[in-house]
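Notes follow the structure.
The values are calculated or read from the model by the stated rules, or taken from the named source; none is laboratory data. Keep in mind that this is a model prediction, so the values were computed, not measured. Every residue, glycine among them, receives a Cβ derived from its backbone with ideal geometry; neighbour counts consider all protein chains shown.
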Amino acid sequence: MARRTFEQPPIQMAQQIGRMRMVCPDFERTSWHNDLVRWEGNLQPTDASARYRIAVEYRLRRRPAVTVLEPDLKIHENGSAIPHRFGDGTLCLYLTNSGEWHPSMYVAEAIIPWAAHWLYHYELWHATGEWMGGGVHPAVKKAQTR
Amino acid sequence: MSSTLLEAPVSSSTRWLDNILLRICIGLQLTPTQHAMAEEHYLAVSKWLGRDESPLAKFRPNIFPQGSLRIQTTVRPWFREEFDLDLVLWLALGAADPVAVLNMVEAELRANGIYRPMVERMNRCIRLNFASQFHMDILPARPDVPLGGDFLLVPDRNLRDWKESNPKGYAAWFETRSFLRAIMEKAASVEPLPRPQGAENKTALQLVVQLLKRWRYIRFINTPDLAPISIVLTTLAGLHYAGEAEPFDALRNIVSRINRSIPASGRLQVCNPAHPEEDLSERWDKEPAAYRAFVETMRELESDLIAIERPETIATAKKRLEKLFGDIVERAVREQTIEVEKARDERKLGVTRSGLITTIAGAGAAPVKPHTFYGS
(Lines give C-alpha, C1' and ligand atoms only; values in the text may rest on other atoms or scores of the structure.)
Protein backbone atom coordinates (compact mmCIF):
# COMPACT_ATOMS: atom_id res chain seq x y z
CA MET A 1 0.00 0.00 0.00
CA ALA A 2 1.09 3.52 -0.59
CA ARG A 3 3.22 5.00 2.11
CA ARG A 4 1.51 7.89 3.78
CA THR A 5 3.46 11.09 4.04
CA PHE A 6 3.57 13.43 6.93
CA GLU A 7 1.88 16.07 4.86
CA GLN A 8 -1.39 14.33 5.59
CA PRO A 9 -2.76 16.02 8.68
CA PRO A 10 -3.78 13.85 11.63
CA ILE A 11 -7.46 13.45 12.29
CA GLN A 12 -8.42 15.55 15.28
CA MET A 13 -9.69 13.88 18.42
CA ALA A 14 -13.23 15.21 18.17
CA GLN A 15 -13.48 13.68 14.70
CA GLN A 16 -12.06 10.35 15.90
CA ILE A 17 -14.66 10.31 18.66
CA GLY A 18 -17.47 11.22 16.30
CA ARG A 19 -16.49 8.48 13.85
CA MET A 20 -16.30 5.88 16.62
CA ARG A 21 -19.81 6.81 17.76
CA MET A 22 -21.05 6.38 14.20
CA VAL A 23 -19.16 3.23 13.14
CA CYS A 24 -18.94 1.39 16.48
CA PRO A 25 -21.89 2.76 18.48
CA ASP A 26 -21.51 -0.02 21.06
CA PHE A 27 -18.07 1.25 22.00
CA GLU A 28 -18.25 3.46 25.02
CA ARG A 29 -15.91 6.39 25.52
CA THR A 30 -14.57 5.94 29.04
CA SER A 31 -12.29 8.97 29.14
CA TRP A 32 -11.14 11.93 27.08
CA HIS A 33 -8.55 14.46 28.15
CA ASN A 34 -7.38 16.75 25.37
CA ASP A 35 -5.38 14.49 23.04
CA LEU A 36 -5.91 11.21 24.94
CA VAL A 37 -9.05 9.17 24.53
CA ARG A 38 -10.07 5.72 25.72
CA TRP A 39 -12.94 3.52 24.55
CA GLU A 40 -14.27 0.18 25.76
CA GLY A 41 -16.41 -2.22 23.81
CA ASN A 42 -17.12 -5.85 23.02
CA LEU A 43 -15.98 -7.90 20.03
CA GLN A 44 -17.02 -11.44 19.17
CA PRO A 45 -15.08 -12.59 16.10
CA THR A 46 -17.43 -15.49 15.22
CA ASP A 47 -20.67 -16.75 16.69
CA ALA A 48 -18.72 -19.70 18.10
CA SER A 49 -16.31 -17.36 19.86
CA ALA A 50 -16.11 -15.71 23.22
CA ARG A 51 -17.15 -12.08 23.58
CA TYR A 52 -14.09 -10.03 24.40
CA ARG A 53 -14.14 -6.74 26.23
CA ILE A 54 -11.41 -4.57 24.81
CA ALA A 55 -10.04 -1.15 25.63
CA VAL A 56 -8.60 1.13 22.96
CA GLU A 57 -6.40 3.97 24.10
CA TYR A 58 -5.34 6.58 21.60
CA ARG A 59 -3.06 9.52 22.16
CA LEU A 60 -3.05 11.79 19.14
CA ARG A 61 -0.31 10.80 16.66
CA ARG A 62 0.75 7.83 18.80
CA ARG A 63 0.21 4.11 18.44
CA PRO A 64 -3.38 3.18 19.36
CA ALA A 65 -3.08 0.63 22.19
CA VAL A 66 -5.56 -2.25 22.28
CA THR A 67 -5.87 -4.27 25.47
CA VAL A 68 -8.12 -7.26 26.02
CA LEU A 69 -9.81 -6.68 29.40
CA GLU A 70 -11.77 -9.92 29.61
CA PRO A 71 -11.76 -12.83 29.41
CA ASP A 72 -8.06 -13.12 30.30
CA LEU A 73 -5.96 -14.14 27.31
CA LYS A 74 -4.37 -17.53 27.89
CA ILE A 75 -1.18 -19.21 26.79
CA HIS A 76 -1.62 -22.25 24.56
CA GLU A 77 -2.27 -25.61 26.23
CA ASN A 78 1.02 -26.74 24.66
CA GLY A 79 2.77 -24.04 26.69
CA SER A 80 3.58 -21.56 23.93
CA ALA A 81 3.17 -17.85 24.52
CA ILE A 82 0.50 -15.72 22.87
CA PRO A 83 1.85 -14.42 19.56
CA HIS A 84 1.70 -10.88 18.23
CA ARG A 85 1.58 -8.86 21.43
CA PHE A 86 3.77 -6.08 22.73
CA GLY A 87 5.63 -6.44 25.99
CA ASP A 88 2.88 -4.58 27.82
CA GLY A 89 0.29 -7.07 26.56
CA THR A 90 -1.30 -4.79 23.98
CA LEU A 91 -2.04 -6.31 20.58
CA CYS A 92 0.35 -5.99 17.62
CA LEU A 93 -2.06 -5.14 14.88
CA TYR A 94 0.08 -3.56 12.20
CA LEU A 95 3.63 -3.22 11.04
CA THR A 96 5.22 -0.23 12.74
CA ASN A 97 6.34 2.56 10.38
CA SER A 98 4.89 0.76 7.38
CA GLY A 99 2.13 3.24 6.76
CA GLU A 100 -0.52 0.58 7.49
CA TRP A 101 -1.56 2.82 10.37
CA HIS A 102 -1.29 6.58 10.22
CA PRO A 103 -2.89 9.34 12.34
CA SER A 104 -4.77 10.41 9.22
CA MET A 105 -6.82 7.20 9.60
CA TYR A 106 -9.79 6.56 11.84
CA VAL A 107 -9.35 4.28 14.85
CA ALA A 108 -12.93 3.07 14.39
CA GLU A 109 -12.31 2.02 10.79
CA ALA A 110 -8.86 0.46 11.04
CA ILE A 111 -8.00 -0.50 14.61
CA ILE A 112 -11.34 -2.01 15.63
CA PRO A 113 -11.60 -4.39 12.61
CA TRP A 114 -7.94 -5.34 13.11
CA ALA A 115 -8.61 -6.14 16.75
CA ALA A 116 -11.55 -8.38 15.75
CA HIS A 117 -9.33 -10.07 13.20
CA TRP A 118 -6.61 -10.52 15.83
CA LEU A 119 -9.11 -12.14 18.23
CA TYR A 120 -10.28 -14.48 15.45
CA HIS A 121 -6.72 -15.66 14.90
CA TYR A 122 -6.06 -15.85 18.61
CA GLU A 123 -8.90 -18.37 18.95
CA LEU A 124 -7.75 -20.29 15.89
CA TRP A 125 -4.24 -20.39 17.30
CA HIS A 126 -5.68 -22.08 20.38
CA ALA A 127 -7.66 -24.44 18.15
CA THR A 128 -4.90 -25.43 15.71
CA GLY A 129 -1.64 -24.56 17.47
CA GLU A 130 -0.74 -22.33 14.57
CA TRP A 131 -1.09 -18.59 13.99
CA MET A 132 -2.80 -18.62 10.61
CA GLY A 133 -3.15 -14.87 10.18
CA GLY A 134 0.30 -14.27 8.78
CA GLY A 135 2.42 -11.45 10.14
CA VAL A 136 5.94 -10.45 10.92
CA HIS A 137 8.01 -11.44 13.93
CA PRO A 138 10.68 -8.85 14.69
CA ALA A 139 13.12 -11.55 15.80
CA VAL A 140 12.78 -13.39 12.50
CA LYS A 141 12.31 -10.33 10.28
CA LYS A 142 10.59 -12.43 7.70
CA ALA A 143 6.97 -12.56 6.62
CA GLN A 144 5.27 -15.83 7.45
CA THR A 145 3.54 -17.57 4.65
CA ARG A 146 -0.19 -17.35 4.95
CA MET B 1 -24.61 -37.86 -12.04
CA SER B 2 -28.02 -37.77 -13.62
CA SER B 3 -29.60 -36.80 -10.36
CA THR B 4 -33.30 -36.33 -9.86
CA LEU B 5 -32.71 -33.57 -7.34
CA LEU B 6 -33.68 -30.24 -8.73
CA GLU B 7 -32.02 -27.00 -7.79
CA ALA B 8 -32.82 -26.64 -4.13
CA PRO B 9 -32.10 -23.52 -2.13
CA VAL B 10 -28.80 -24.09 -0.42
CA SER B 11 -27.59 -23.52 3.06
CA SER B 12 -26.34 -19.98 3.44
CA SER B 13 -24.07 -21.11 6.30
CA THR B 14 -24.28 -17.86 8.14
CA ARG B 15 -22.74 -19.25 11.29
CA TRP B 16 -19.23 -20.47 11.96
CA LEU B 17 -20.69 -23.79 13.03
CA ASP B 18 -22.82 -24.24 9.91
CA ASN B 19 -19.94 -23.25 7.70
CA ILE B 20 -17.71 -25.87 9.35
CA LEU B 21 -20.42 -28.54 9.08
CA LEU B 22 -20.81 -27.75 5.38
CA ARG B 23 -17.05 -28.14 4.91
CA ILE B 24 -17.04 -31.45 6.79
CA CYS B 25 -19.70 -32.80 4.42
CA ILE B 26 -17.92 -31.56 1.31
CA GLY B 27 -14.76 -33.25 2.59
CA LEU B 28 -16.60 -36.55 2.99
CA GLN B 29 -18.40 -36.81 -0.31
CA LEU B 30 -17.25 -37.61 -3.84
CA THR B 31 -15.22 -34.78 -5.33
CA PRO B 32 -16.60 -33.29 -8.56
CA THR B 33 -13.82 -35.13 -10.44
CA GLN B 34 -14.71 -38.47 -8.83
CA HIS B 35 -18.35 -37.74 -9.52
CA ALA B 36 -17.66 -37.09 -13.20
CA MET B 37 -15.50 -40.21 -13.38
CA ALA B 38 -18.19 -42.33 -11.77
CA GLU B 39 -20.72 -41.01 -14.23
CA GLU B 40 -18.43 -41.77 -17.14
CA HIS B 41 -17.93 -45.33 -15.91
CA TYR B 42 -21.56 -46.02 -15.35
CA LEU B 43 -22.54 -44.69 -18.75
CA ALA B 44 -19.89 -46.94 -20.31
CA VAL B 45 -21.17 -49.98 -18.38
CA SER B 46 -24.69 -49.09 -19.42
CA LYS B 47 -23.62 -48.86 -23.05
CA TRP B 48 -21.79 -52.18 -22.89
CA LEU B 49 -24.72 -54.05 -21.41
CA GLY B 50 -27.17 -52.43 -23.82
CA ARG B 51 -25.18 -52.91 -27.04
CA ASP B 52 -26.97 -54.75 -29.84
CA GLU B 53 -24.90 -57.95 -29.56
CA SER B 54 -25.47 -58.21 -25.80
CA PRO B 55 -27.82 -61.01 -24.70
CA LEU B 56 -29.23 -58.46 -22.26
CA ALA B 57 -30.16 -56.01 -25.02
CA LYS B 58 -33.56 -57.58 -25.51
CA PHE B 59 -34.42 -56.75 -21.87
CA ARG B 60 -33.89 -53.02 -22.62
CA PRO B 61 -31.32 -52.49 -19.81
CA ASN B 62 -31.34 -49.14 -18.07
CA ILE B 63 -28.85 -48.18 -15.37
CA PHE B 64 -29.65 -45.56 -12.77
CA PRO B 65 -28.14 -44.55 -9.43
CA GLN B 66 -29.80 -45.47 -6.17
CA GLY B 67 -29.17 -44.90 -2.48
CA SER B 68 -26.80 -42.21 -1.27
CA LEU B 69 -25.49 -41.66 -4.80
CA ARG B 70 -28.98 -40.79 -5.95
CA ILE B 71 -29.87 -38.54 -3.01
CA GLN B 72 -26.38 -36.98 -2.87
CA THR B 73 -25.48 -38.06 0.63
CA THR B 74 -22.34 -40.05 -0.14
CA VAL B 75 -19.72 -40.24 2.58
CA ARG B 76 -16.39 -42.01 2.64
CA PRO B 77 -17.13 -45.55 3.79
CA TRP B 78 -15.89 -47.39 6.82
CA PHE B 79 -12.28 -48.45 7.21
CA ARG B 80 -11.28 -47.83 3.62
CA GLU B 81 -10.98 -45.13 1.06
CA GLU B 82 -13.26 -46.24 -1.75
CA PHE B 83 -16.83 -45.13 -2.15
CA ASP B 84 -19.69 -47.57 -2.71
CA LEU B 85 -21.67 -46.51 -5.73
CA ASP B 86 -24.99 -48.30 -5.98
CA LEU B 87 -26.55 -48.63 -9.39
CA VAL B 88 -29.74 -50.38 -10.44
CA LEU B 89 -29.66 -52.33 -13.68
CA TRP B 90 -33.29 -52.34 -14.70
CA LEU B 91 -34.26 -55.20 -17.02
CA ALA B 92 -37.63 -55.78 -18.68
CA LEU B 93 -37.86 -59.28 -17.26
CA GLY B 94 -40.78 -61.36 -16.12
CA ALA B 95 -40.53 -64.20 -13.65
CA ALA B 96 -36.98 -65.58 -13.77
CA ASP B 97 -34.47 -67.48 -11.68
CA PRO B 98 -32.71 -64.79 -9.61
CA VAL B 99 -29.35 -66.56 -9.65
CA ALA B 100 -29.55 -67.04 -13.43
CA VAL B 101 -30.13 -63.28 -13.82
CA LEU B 102 -27.13 -62.46 -11.60
CA ASN B 103 -25.02 -64.93 -13.58
CA MET B 104 -26.15 -63.51 -16.90
CA VAL B 105 -25.11 -59.98 -15.84
CA GLU B 106 -21.81 -61.28 -14.47
CA ALA B 107 -21.05 -63.18 -17.70
CA GLU B 108 -21.78 -60.10 -19.78
CA LEU B 109 -19.46 -57.95 -17.68
CA ARG B 110 -16.72 -60.61 -17.87
CA ALA B 111 -17.09 -60.64 -21.65
CA ASN B 112 -15.52 -57.17 -21.63
CA GLY B 113 -11.73 -57.20 -21.32
CA ILE B 114 -11.72 -54.01 -19.24
CA TYR B 115 -14.31 -55.18 -16.73
CA ARG B 116 -13.20 -58.83 -16.47
CA PRO B 117 -10.48 -58.25 -13.83
CA MET B 118 -12.78 -55.95 -11.84
CA VAL B 119 -15.76 -58.28 -11.47
CA GLU B 120 -16.68 -59.56 -8.03
CA ARG B 121 -19.74 -61.70 -7.33
CA MET B 122 -21.92 -60.49 -4.44
CA ASN B 123 -25.16 -61.71 -2.89
CA ARG B 124 -27.50 -59.18 -4.47
CA CYS B 125 -25.32 -57.56 -7.09
CA ILE B 126 -22.24 -57.75 -9.26
CA ARG B 127 -19.44 -55.49 -8.08
CA LEU B 128 -16.94 -53.73 -10.33
CA ASN B 129 -13.80 -52.66 -8.46
CA PHE B 130 -12.48 -49.54 -10.14
CA ALA B 131 -8.88 -48.73 -9.28
CA SER B 132 -8.90 -47.65 -5.62
CA GLN B 133 -11.37 -44.75 -5.68
CA PHE B 134 -14.67 -46.55 -5.78
CA HIS B 135 -16.50 -49.69 -6.60
CA MET B 136 -19.79 -50.00 -8.36
CA ASP B 137 -22.46 -52.36 -7.18
CA ILE B 138 -24.68 -53.25 -10.09
CA LEU B 139 -27.96 -54.55 -8.82
CA PRO B 140 -30.15 -56.21 -11.44
CA ALA B 141 -33.85 -55.48 -10.99
CA ARG B 142 -37.10 -56.32 -12.71
CA PRO B 143 -40.42 -54.52 -12.47
CA ASP B 144 -42.73 -55.67 -9.70
CA VAL B 145 -45.76 -55.96 -11.97
CA PRO B 146 -48.46 -56.47 -9.32
CA LEU B 147 -47.37 -53.36 -7.40
CA GLY B 148 -46.61 -51.34 -10.53
CA GLY B 149 -45.11 -47.86 -10.54
CA ASP B 150 -41.44 -47.79 -9.57
CA PHE B 151 -41.67 -50.95 -7.49
CA LEU B 152 -38.92 -53.40 -8.31
CA LEU B 153 -37.85 -56.93 -7.48
CA VAL B 154 -34.15 -57.56 -6.88
CA PRO B 155 -32.41 -60.95 -6.72
CA ASP B 156 -31.03 -62.54 -3.58
CA ARG B 157 -28.47 -65.21 -4.37
CA ASN B 158 -28.47 -66.85 -0.93
CA LEU B 159 -32.26 -66.96 -0.62
CA ARG B 160 -32.62 -67.87 -4.30
CA ASP B 161 -35.52 -65.49 -4.38
CA TRP B 162 -36.55 -61.95 -5.34
CA LYS B 163 -36.86 -59.14 -2.79
CA GLU B 164 -39.05 -56.06 -3.04
CA SER B 165 -37.38 -52.71 -3.54
CA ASN B 166 -38.26 -49.17 -4.59
CA PRO B 167 -35.13 -47.01 -4.92
CA LYS B 168 -36.79 -44.34 -7.06
CA GLY B 169 -39.73 -44.09 -4.69
CA TYR B 170 -37.36 -43.71 -1.73
CA ALA B 171 -35.36 -40.98 -3.49
CA ALA B 172 -38.57 -39.15 -4.44
CA TRP B 173 -39.69 -39.27 -0.80
CA PHE B 174 -36.33 -37.94 0.38
CA GLU B 175 -36.43 -35.18 -2.20
CA THR B 176 -39.88 -34.12 -1.03
CA ARG B 177 -38.67 -34.03 2.55
CA SER B 178 -35.60 -31.97 1.57
CA PHE B 179 -37.71 -29.39 -0.13
CA LEU B 180 -39.50 -28.46 3.05
CA ARG B 181 -36.64 -26.13 3.73
CA ALA B 182 -37.47 -24.00 0.71
CA ILE B 183 -40.45 -22.67 2.62
CA MET B 184 -38.28 -21.65 5.52
CA GLU B 185 -35.57 -20.02 3.44
CA LYS B 186 -34.29 -16.85 5.03
CA ALA B 187 -32.33 -14.11 3.40
CA ALA B 188 -28.91 -13.52 4.88
CA SER B 189 -28.05 -9.84 4.99
CA VAL B 190 -24.36 -10.51 5.48
CA GLU B 191 -22.54 -13.56 4.16
CA PRO B 192 -20.21 -14.18 7.06
CA LEU B 193 -17.78 -16.83 5.90
CA PRO B 194 -16.55 -18.03 2.52
CA ARG B 195 -18.63 -20.86 1.08
CA PRO B 196 -16.66 -23.97 0.18
CA GLN B 197 -16.54 -25.32 -3.36
CA GLY B 198 -18.90 -28.18 -4.02
CA ALA B 199 -21.62 -27.00 -1.67
CA GLU B 200 -23.77 -25.55 -4.42
CA ASN B 201 -26.63 -28.00 -4.30
CA LYS B 202 -26.62 -29.21 -0.75
CA THR B 203 -29.82 -29.02 1.24
CA ALA B 204 -29.84 -28.99 5.02
CA LEU B 205 -31.36 -32.49 5.08
CA GLN B 206 -28.66 -33.92 2.83
CA LEU B 207 -26.02 -32.42 5.11
CA VAL B 208 -27.68 -33.89 8.20
CA VAL B 209 -27.66 -37.36 6.64
CA GLN B 210 -23.96 -37.04 5.82
CA LEU B 211 -23.22 -35.81 9.34
CA LEU B 212 -25.17 -38.63 10.97
CA LYS B 213 -23.32 -41.17 8.85
CA ARG B 214 -19.98 -39.64 9.79
CA TRP B 215 -21.00 -39.52 13.47
CA ARG B 216 -21.97 -43.19 13.28
CA TYR B 217 -18.56 -44.06 11.85
CA ILE B 218 -16.71 -42.24 14.65
CA ARG B 219 -19.04 -43.31 17.48
CA PHE B 220 -19.08 -47.00 16.52
CA ILE B 221 -15.51 -47.30 15.32
CA ASN B 222 -14.79 -49.95 17.95
CA THR B 223 -18.22 -51.59 17.87
CA PRO B 224 -19.27 -51.52 14.20
CA ASP B 225 -21.65 -54.43 14.72
CA LEU B 226 -23.83 -52.26 16.94
CA ALA B 227 -24.02 -49.31 14.55
CA PRO B 228 -27.43 -48.33 13.17
CA ILE B 229 -27.64 -48.97 9.44
CA SER B 230 -27.38 -46.13 7.01
CA ILE B 231 -30.91 -46.34 5.62
CA VAL B 232 -32.40 -46.25 9.13
CA LEU B 233 -30.51 -43.02 9.92
CA THR B 234 -31.39 -41.53 6.53
CA THR B 235 -35.07 -42.36 6.93
CA LEU B 236 -35.25 -41.06 10.50
CA ALA B 237 -33.58 -37.82 9.41
CA GLY B 238 -36.07 -37.40 6.57
CA LEU B 239 -39.07 -38.19 8.79
CA HIS B 240 -38.09 -35.70 11.50
CA TYR B 241 -36.85 -32.87 9.32
CA ALA B 242 -39.10 -29.82 9.65
CA GLY B 243 -37.58 -27.36 7.20
CA GLU B 244 -34.70 -25.91 9.20
CA ALA B 245 -32.59 -23.83 6.83
CA GLU B 246 -29.18 -24.53 8.32
CA PRO B 247 -27.43 -27.83 9.03
CA PHE B 248 -26.76 -27.34 12.73
CA ASP B 249 -30.34 -26.45 13.64
CA ALA B 250 -31.59 -29.26 11.44
CA LEU B 251 -29.25 -31.81 13.02
CA ARG B 252 -29.96 -30.81 16.61
CA ASN B 253 -33.73 -30.68 16.08
CA ILE B 254 -33.85 -33.95 14.14
CA VAL B 255 -31.87 -35.76 16.84
CA SER B 256 -34.07 -34.36 19.57
CA ARG B 257 -37.26 -35.31 17.67
CA ILE B 258 -35.90 -38.82 17.07
CA ASN B 259 -35.28 -39.13 20.81
CA ARG B 260 -38.79 -37.95 21.63
CA SER B 261 -40.20 -40.51 19.19
CA ILE B 262 -38.50 -43.42 20.96
CA PRO B 263 -41.24 -45.37 22.79
CA ALA B 264 -40.90 -46.02 26.52
CA SER B 265 -41.42 -49.73 25.94
CA GLY B 266 -40.92 -51.92 22.92
CA ARG B 267 -38.79 -50.52 20.14
CA LEU B 268 -38.86 -47.78 17.56
CA GLN B 269 -39.99 -49.04 14.18
CA VAL B 270 -38.55 -47.38 11.10
CA CYS B 271 -40.56 -48.24 8.00
CA ASN B 272 -39.56 -47.67 4.42
CA PRO B 273 -41.53 -44.59 3.31
CA ALA B 274 -41.52 -45.97 -0.24
CA HIS B 275 -42.69 -49.39 0.95
CA PRO B 276 -44.60 -48.95 4.19
CA GLU B 277 -44.87 -52.67 4.99
CA GLU B 278 -41.09 -52.95 5.02
CA ASP B 279 -39.57 -52.48 8.48
CA LEU B 280 -36.08 -51.15 7.80
CA SER B 281 -35.20 -51.61 11.45
CA GLU B 282 -36.18 -55.29 11.78
CA ARG B 283 -32.60 -56.15 12.66
CA TRP B 284 -33.21 -54.61 16.09
CA ASP B 285 -35.61 -57.50 16.91
CA LYS B 286 -32.75 -59.96 16.67
CA GLU B 287 -30.10 -57.64 18.08
CA PRO B 288 -31.42 -55.85 21.17
CA ALA B 289 -27.86 -54.71 22.02
CA ALA B 290 -27.75 -52.76 18.76
CA TYR B 291 -31.09 -51.14 19.60
CA ARG B 292 -29.91 -50.21 23.10
CA ALA B 293 -26.75 -48.73 21.59
CA PHE B 294 -28.87 -46.69 19.19
CA VAL B 295 -31.06 -45.29 21.99
CA GLU B 296 -28.09 -44.49 24.23
CA THR B 297 -25.89 -42.91 21.59
CA MET B 298 -28.72 -40.76 20.19
CA ARG B 299 -29.30 -39.30 23.67
CA GLU B 300 -25.59 -38.72 24.03
CA LEU B 301 -25.50 -37.05 20.61
CA GLU B 302 -28.31 -34.72 21.62
CA SER B 303 -26.50 -33.50 24.73
CA ASP B 304 -23.24 -33.14 22.77
CA LEU B 305 -25.03 -30.99 20.22
CA ILE B 306 -26.57 -28.80 22.90
CA ALA B 307 -23.08 -28.27 24.34
CA ILE B 308 -21.63 -27.38 20.93
CA GLU B 309 -24.15 -24.63 20.48
CA ARG B 310 -23.08 -22.75 23.60
CA PRO B 311 -20.43 -20.35 22.34
CA GLU B 312 -17.19 -20.44 24.30
CA THR B 313 -14.28 -20.27 21.91
CA ILE B 314 -13.48 -21.70 18.48
CA ALA B 315 -11.05 -24.08 20.20
CA THR B 316 -13.81 -25.47 22.45
CA ALA B 317 -16.26 -25.76 19.56
CA LYS B 318 -13.61 -27.56 17.52
CA LYS B 319 -12.89 -30.06 20.31
CA ARG B 320 -16.58 -30.81 20.72
CA LEU B 321 -17.02 -31.26 16.98
CA GLU B 322 -13.98 -33.55 16.85
CA LYS B 323 -15.59 -35.83 19.42
CA LEU B 324 -18.52 -36.29 17.03
CA PHE B 325 -16.91 -36.18 13.61
CA GLY B 326 -13.22 -36.95 14.13
CA ASP B 327 -10.11 -35.45 12.60
CA ILE B 328 -11.91 -34.18 9.50
CA VAL B 329 -12.90 -31.19 11.67
CA GLU B 330 -9.28 -29.98 11.81
CA ARG B 331 -9.15 -29.86 8.04
CA ALA B 332 -12.46 -27.99 7.81
CA VAL B 333 -11.34 -25.36 10.36
CA ARG B 334 -8.00 -24.79 8.64
CA GLU B 335 -9.57 -24.64 5.21
CA GLN B 336 -12.10 -22.07 6.40
CA THR B 337 -9.34 -19.94 7.94
CA ILE B 338 -7.27 -20.08 4.77
CA GLU B 339 -10.27 -18.83 2.82
CA VAL B 340 -10.88 -16.04 5.33
CA GLU B 341 -7.27 -14.95 4.82
CA LYS B 342 -7.70 -15.14 1.06
CA ALA B 343 -10.72 -12.86 1.38
CA ARG B 344 -8.58 -10.50 3.41
CA ASP B 345 -5.93 -10.42 0.67
CA GLU B 346 -8.65 -9.67 -1.85
CA ARG B 347 -9.95 -6.95 0.47
CA LYS B 348 -13.26 -8.71 0.83
CA LEU B 349 -13.03 -9.23 4.58
CA GLY B 350 -15.28 -7.18 6.79
CA VAL B 351 -16.17 -6.84 10.43
CA THR B 352 -19.70 -6.17 11.69
CA ARG B 353 -20.57 -3.90 14.60
CA SER B 354 -20.30 -6.74 17.08
CA GLY B 355 -16.92 -7.74 15.69
CA LEU B 356 -18.06 -10.71 13.58
CA ILE B 357 -15.70 -11.56 10.74
CA THR B 358 -17.56 -11.59 7.41
CA THR B 359 -16.47 -12.03 3.82
CA ILE B 360 -18.42 -9.19 2.36
CA ALA B 361 -17.42 -5.77 3.46
CA GLY B 362 -20.03 -3.19 2.76
CA ALA B 363 -23.56 -3.01 4.08
CA GLY B 364 -23.32 -3.54 7.81
CA ALA B 365 -19.65 -4.50 7.79
CA ALA B 366 -16.56 -2.32 7.88
CA PRO B 367 -13.75 -3.58 5.61
CA VAL B 368 -10.54 -4.83 7.21
CA LYS B 369 -7.85 -2.52 5.91
CA PRO B 370 -4.52 -4.09 4.95
CA HIS B 371 -2.45 -4.83 8.05
CA THR B 372 0.33 -7.12 9.23
CA PHE B 373 0.29 -8.71 12.68
CA TYR B 374 3.55 -7.69 14.23
CA GLY B 375 5.63 -8.66 17.21
CA SER B 376 6.57 -11.97 18.76
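Values for this structure:
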| read-out | value |
| --- | --- |
| Test: residue in the range B:250-261 that is of a type in the set (Ser, Thr, Tyr) and either within 20 Å of residue B:303 (Cβ to Cβ) or part of a helix (DSSP H, G or I) (or both) | yes |
| Meets criteria (of a type in the set (A, V, I, L, M), buried (at least 18 other Cβ atoms within 10 Å of the Cβ) and under 17 Å from residue A:125 (Cβ atoms)) for residue B:317 | yes |
| Positions within the range A:66-84 being more than 9 Å from chain B (Cβ to nearest Cβ) and of a type in the set (D, E, K, R), in sequence order | A:70, A:72, A:74 |
| Number of the exception - residue B:343 against (1) within 9 Å of another protein chain (Cβ to nearest Cβ); (2) in a helix (DSSP H, G or I); (3) within 26 Å of residue A:22 (Cα to Cα); (4) in contact with a Leu (Cβ under 6 Å, 6 or more places away or on another chain) | (1) |
| Any chance residue A:117 is within 28 Å of residue B:339 (Cα to Cα) and at the interface with chain B (Cβ under 8 Å from one of its Cβ atoms) | yes |
| Near pairs, Cβ below 8 angstrom, 6+ apart or cross-chain, from the range A:85-101 (more than 8 Å from chain B (Cβ to nearest Cβ)) to any residue that is part of a loop (DSSP other than H, G, I, E, B) | A:89/A:73; A:91/A:84; A:99/A:1; A:99/A:2; A:99/A:3; A:99/A:4 |
| Residues of the range B:321-331 satisfying the condition of being within 11 Å of chain A (Cβ to nearest Cβ) and either touching a residue at least 60 places away in the same chain (Cβ under 8 Å) or surrounded by 18 or more Cβ atoms within 10 Å (Cβ to Cβ) (or both) | B:321, B:329, B:331 |
| The one condition in (1) among the small types (Gly, Ala, Ser); (2) in contact with a strand residue (DSSP E or B) (Cβ under 8 Å, 6 or more places away or on another chain); (3) surrounded by fewer than 19 Cβ atoms within 10 Å (Cβ to Cβ); (4) within 30 Å of residue B:213 (Cβ to Cβ) that residue B:68 fails to fulfil | (3) |
| In the range A:27-56, the residues that are away from every other protein chain (no Cβ under 14 Å) and surrounded by 19 or more Cβ atoms within 10 Å (Cβ to Cβ) | A:37 |
| Selected residue [within 30 Å of residue B:325 (Cβ to Cβ) and either in contact with a Leu (Cβ under 8 Å, 6 or more places away or on another chain) or without any contact (Cβ under 8 Å) to a residue 40 or more places away in the chain (or both)] from B:52, B:86 | B:86 |
| Residue A:38, sole failed condition from (1) in contact with a Ser or Thr (Cβ under 8 Å, 6 or more places away or on another chain); (2) outside any loop (DSSP other than H, G, I, E, B); (3) in contact (Cβ under 8 Å) with a residue 60 or more places away in the chain | (3) |
| Residue B:94 being assigned to a helix (DSSP H, G or I) and either more than 30 Å from residue B:216 (Cα to Cα) or in contact with an Asp or Glu (Cβ under 9 Å, 6 or more places away or on another chain) (or both) | no |
| Those residues of the range B:32-89 which are part of a loop (DSSP other than H, G, I, E, B), in contact with a Phe, Trp or Tyr (Cβ under 8 Å, 6 or more places away or on another chain) and of a type in the set (A, V, I, L, M, F, W, C), in sequence order | B:75, B:78 |
| Which listed residue is surrounded by 17 or more Cβ atoms within 10 Å (Cβ to Cβ) and either at pLDDT 95 or above or out of contact with any helix residue (DSSP H, G or I) (no Cβ under 6 Å at 6 or more places or on another chain) (or both), from B:259, B:222, B:272, B:201 | B:272 |
| Check on residue A:24, within 9 Å of chain B (Cβ to nearest Cβ) and farther than 21 Å from residue B:365 by Cα | no |
| Residue check, residue A:116 over 24 Å from residue B:16 (Cα atoms) and of a type in the set (A, V, I, L, M, F, W, C) | no |
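Here's the yes/no breakdown for (1) at pLDDT below 95; (2) closer than 15 Å to residue B:341 by Cβ; (3) not hydroxyl-bearing (Ser, Thr, Tyr):
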residue: A:45; (1), (2), (3): yes, yes, yes
residue: A:62; (1), (2), (3): yes, no, yes
residue: A:66; (1), (2), (3): no, no, yes
residue: A:71; (1), (2), (3): no, no, yes
residue: A:100; (1), (2), (3): yes, no, yes
residue: A:139; (1), (2), (3): yes, no, yes
